[in-house]
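Read through the structure below, which is laid out as structure tokens, and then see the notes.
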Amino acid sequence: MIYTVQGAPLYVYTGGKAVDVSKPTAVFIHGVLNDHSVWILQTRYFANHGWNVLALDLPGHGRSGGKAPASVQEAARSVIALLDAAGVDKAILIGHSFGSLIAMHAAAEHPERVSQLVMVGTAYPMRVSPALLENSISNPSKAIDMVNVFSHSTLAPPPSALGPGTWLLGGSKALMRRILASNPNENVFNIGFKACDQYDQGETDMAKVLCATLFLLGSKDQMTPPKAAQSLIQQARDGRVALVKAGHQLMVEAPEESLAALIAFCKK
Amino acid sequence: MPGYSDPGFDTLALHAGAAPDPATGARAVPIHLTTSFVFESTDQAASLFNLERAGHVYSRISNPTNAVLEQRIAALEGGIGAIATASGQAALHLAITTLMGAGSHIVASSALYGGSHNLLHYTLRRFGIDTTFVKPGDLQAWRDAVQPNTKLFFGETVGNPGMDVLDLAAVSQIAHQAGVPLLVDATLTSPWLMKPLAHGADLVVHSATKFLSGHGTVIGGLVVDGGSFDWSGPHTQGKFEELTQAYAGFHNMVFTEESTVGAFLLRARREGLRDFGACMSPHTAWLILQGIETLPLRMARHVSNTEKVVSYLAAHAMVSRVGHPMLESHPSHALAKQLLPRGAGSVFSFDIRGTRQQGRAFIEALQVFSHLANVGDCRSLVIHPASTTHFRVDDETLKASGIGPGTVRLSIGLEDPDDLIDDLKRALKAAEKAAPAAGGAA
């Protein structure tokens, strides 16, 4: 479904269903160089179990038009504008990596619009190595390889996003290449990395979050290891932690455990 | 996952898709010979059917042993996933029928395995899918053959048995300009010799019966998706409705919306395997996995043995032509050096000087080579294509495929190379002796 958000078309996956304002709404926000499809299993489950699902492609990514957000704050404004466009007063915000910072900032700035917050594969500060920042411009293909190796923890994942027979390392790379190519005007890889690296409001933002927060973390995550989320966890007003045995792409590497943690938290 | 870079080919050949079995600790991949899998609850059952959860339901659609094989070949090819099928022919059929129906058109290389030619030229025409065949090296012919209803380009990495090397970069570029994907049959090269997806192909099929299995024991096929082709991209002009429009046969799913890069595999499994049913037995999958574990070692030996045999034949007085790209005389020599630096494979043909009777004498005198209809076995094989694999192909088409009435095809195995050469030497002598007396021969 395409919404017009901040004057540009914004693609939102809804599980094939129209928004019903009588239902609770879950917003899924992807990370750098990803799109809505990283949540395929979780979003289909939510869309068929009583929730409205708004899984967006961030502006400038994939099927969405507009300019890619250059900061966490800018992206968070797009998320709130999406809620306005969809006629949703309040939603659960579920973000992965870069998306987790976006969700947190949106919850901090608009606590009245956010019922629960889920930060998947998160860290603060979310520093990006100079080598990755440089390669995201000079050699994106190499940078994609580096990110993928650090984002997956196993050569033998269970049945995942596309079902049995899915090779996650290949799938993640193909998606990143597609998203990079989807925007010929901007390097969304570098823009996203810089936004993560430069975000410096983590602890103050978390202090402003009023709702319950779930930290859904991968015990084998090398990109955002669980210890790197500790400052946020300690700052959270009502924080819970769910640790699953997976790497940074835990939604696809441990889809069952990730879904179970989301269901348990979001049903409360 | 160890290391700071992608695992190498040999590591993936052993480990991709497989971990010790969590239930038993078994290190080797268990063979899951079961038709179906117990649901934890009615809700879980519904979720599995509705693609809200990933898991196994019924072994025609997926099976844990097959899934390991599928992940492994996808890893080795650099793809996003794969589907195991009952045969290589089933893999080709699944790829085609996932993308098109009656009224569609394919542009294909004329240098194809006879079975693939039959499917395209005869059988699919009966179902309204038309194919134009072009010489694989004639790039203008590929361009000229495109029609508004063209949905696919298809060729073999290395043609069987002429060994024409497909110029993947050039042909894929023409395909993509036409808004269609390039599907290649990589059976004769295997990912150890070449990864077609890295050179521009979008989809790969294998007859896993051949080098992947490697032991001449099972029939099986694989389809691999590179995840590179944008089915709803601007060049496609809406021609892939099977993937971009709601499918009433599966929850009105729009596959390209569900998965940005995996739409093809989603539909192929949920429609093609479900409805056509050409699935692989888990026992077969296990045997192919056993083969893949030693693929790097075997392919290296296939290639080195082939180089010795080709050199021997090329210097023999009874041999008029050896069709292997390692020779400068082969039209694909330069392209093979570029695309196949490890070697162009071990299935090739050569022509014996003399009569058909001499050709028969050659084949009947062989003792180490087995006379049969297969390639890619660990044992060396020999066949006469014009009377067997390409029997239904007319002379003109045969010629276009680089096959003459007296052409002999060899598939070089893993025996001691000296024994192979001795066998060929003995058989060529027998052919020489079989020359007609009136011709002045002894």
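Here, each number is a calculation from the coordinates, and none is a lab measurement. The shown structure was predicted, so the numbers you read here are calculated from the model rather than taken from an experiment. Ideal geometry is used to build each Cβ from the backbone, glycine not excepted, and the neighbour counts take in all protein chains shown.
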| message | Tell me the Kirkwood radius of the range B:215-268: reciprocal of the mean inverse pair distance over distinct alpha-carbon atoms, in Å. | response | 12.5
| query | Given just the C-alpha atoms of the range A:73-115, how large is their convex hull per residue in cubic angstrom? | reply | 55
| Leaving out same-chain residues fewer than 8 places away, which lysines sit with a Cα under 18 Å from that of residue A:220? | A:245
| task | Rank these for me by crowding, B:150, B:217, B:306, going from fewest to most other beta carbons within 10 Å. | result | B:217, B:150, B:306
| message | I'd like the FRET efficiency for residue A:230 and residue A:207, computed as 1/(1 + (r/R0)^6) with the beta carbon distance as r and R0 of 22 Å, rounded to 0.05. | response | 0.90
| task | Using R₀ = 51 Å, calculate the FRET efficiency as 1/(1 + (r/R₀)^6) where r is the Cβ-Cβ separation of residue A:243 and residue B:169; round to 0.05. | result | 0.65
| request: Describe numerically, in nm with one decimal, the distance between label points set 7 Å from Cα along Cα→Cβ at residue B:329 and at residue A:141. | output: 3.7
| note | Kirkwood calc, the range B:145-186, C-alpha pairs only, radius in angstrom 10.7
| What does the charge add up to near residue B:18, with Lys and Arg as +1, Asp and Glu as -1, over the other residues with Cβ less than 15 Å from its Cβ? | -2
| Mean projected area in nm² (Cα convex hull; one quarter of hull surface) for the range A:11-152 | 8.6
| Fraction in percent of alpha-carbon pairs per bin - 5 Å, the range B:226-364 | 2, 8, 11, 11, 9, 9, 11, 13, 10, 8, 5, 3, 1, 0
| query | What lysines sit close enough to residue B:151 to cross-link, taking a C-alpha to C-alpha distance under 16 Å and skipping anything fewer than 8 places away on the same chain? | reply | B:239
| field | 24 Å Cα-Cα reach of residue A:17 towards lysines, excluding residues that sit fewer than 8 places from it in its own chain | value | A:90, A:267, A:268
| What are the radius of gyration and Dmax of the range B:337-442, computed over its Cα atoms and given in Å? | 14.8, 47
| query | So in chain B, what percent of DSSP beta bridges are antiparallel if you round to the nearest 5? | reply | 60
| query | For the peptides A:181-187, B:224-230, what is the packing order when you average, over each peptide's residues, the other Cβ atoms within 10 Å and list the highest mean first? | reply | B:224-230, A:181-187
| message | I need the peptides A:5-13, B:346-354, B:20-28 ranked by packing, meaning the mean over residues of other C-beta atoms within 10 angstrom, with the highest value on top. | response | B:346-354, A:5-13, B:20-28
| query | Size of the dipole of the protein assembly as shown about the Cα centre, Lys and Arg at +1 and Asp and Glu at -1 on the beta carbon, nothing else charged, in debye to 20? | reply | 560
| task | Using only the Cα atoms of the range B:143-260, build the gyration tensor, take square roots of its eigenvalues as a ≥ b ≥ c, and label the shape rounded, prolate or oblate: rounded if a/c is under 1.5, else prolate if a/b is larger than b/c, else oblate. | result | oblate
| remark: Taking r as the C-beta separation of residue B:367 and residue A:256 and R0 as 45 Å, the FRET efficiency to the nearest 0.05 is 0.20
| message | For chain A, what are Rg and Dmax over the alpha carbons, in angstrom? | response | 16.6, 48
| said: Around residue A:3, under 14 Å between beta carbons, what's the net of Lys plus Arg minus Asp minus Glu among the other residues? | reply: -1
| Hey, can you rank B:80-93, B:187-200, B:360-373 by average C-beta count inside 10 Å, highest first? | B:80-93, B:187-200, B:360-373
| Average Cα contact separation per residue, the range B:239-316, under 8 Å, 6 or more apart, as relative contact order % | 15
| note | The relative contact order of chain B, taking Cα pairs under 8 Å that sit 6 or more residues apart, comes to a percentage of 16
| request: Using only Cα atoms, figure out Rg for the range A:126-268 and give it as a multiple of 2.2 N^0.38 Å. | output: 1.13
| Within 10 Å of each Cβ in B:66-75, the average number of Cβ atoms from other chains | 5
| request: Would you kindly give the portion of the calculated P(r) for chain B that falls above 33 Å, as a percent of all Cα pairs? | output: 36
| note | For the range A:60-166 the trypsin sites (Lys or Arg not before Pro) that pass both the DSSP coil test and the at-most-16 other-Cβ-within-10 Å test are A:67, A:90, A:127
| task | Over 24 Å between C-alpha atoms is what I'm after, so list which of A:173/B:210; B:308/B:337; A:142/A:194 land there. | result | A:173/B:210
| said: Take residue B:126 and residue B:215, extend 7 Å from each Cα along the Cα→Cβ direction, and tell me the distance between the two endpoints in nm. | reply: 3.6
| note | Expected integer from the mean partner chain Cβ neighbour count at 10 Å over A:145-158 is 4
| Under a plain spin-label model, where a point goes 7 Å from the Cα along Cα-to-Cβ, how far apart in nm are residue B:275 and residue B:315? | 5.9
| field | Extension gain from residue B:433 to residue B:35, taking 0.36 nm per residue of separation minus the Cα-Cα distance | value | 137.5 nm
| In µm²/s, what is D for the protein assembly as shown at 37 °C and 0.692 mPa s, where D = kT/(6 pi eta Rh) by Stokes-Einstein and Rh is the Kirkwood radius from Cα pairs? | 122
| field | Charge tally in the Cβ shell below 12 Å around residue A:102, where Lys, Arg are +1 and Asp, Glu are -1, residue A:102 excluded | value | -2
| Going by a ≥ b ≥ c, the root eigenvalues of the Cα gyration tensor, does the range B:1-138 fall in the rounded group (a/c under 1.5), the prolate group (a/b larger than b/c) or the oblate group? | oblate
| With the radius of gyration and the Kirkwood radius both derived from the Cα set of the range B:287-343, what is their ratio Rg to Rh? | 1.08
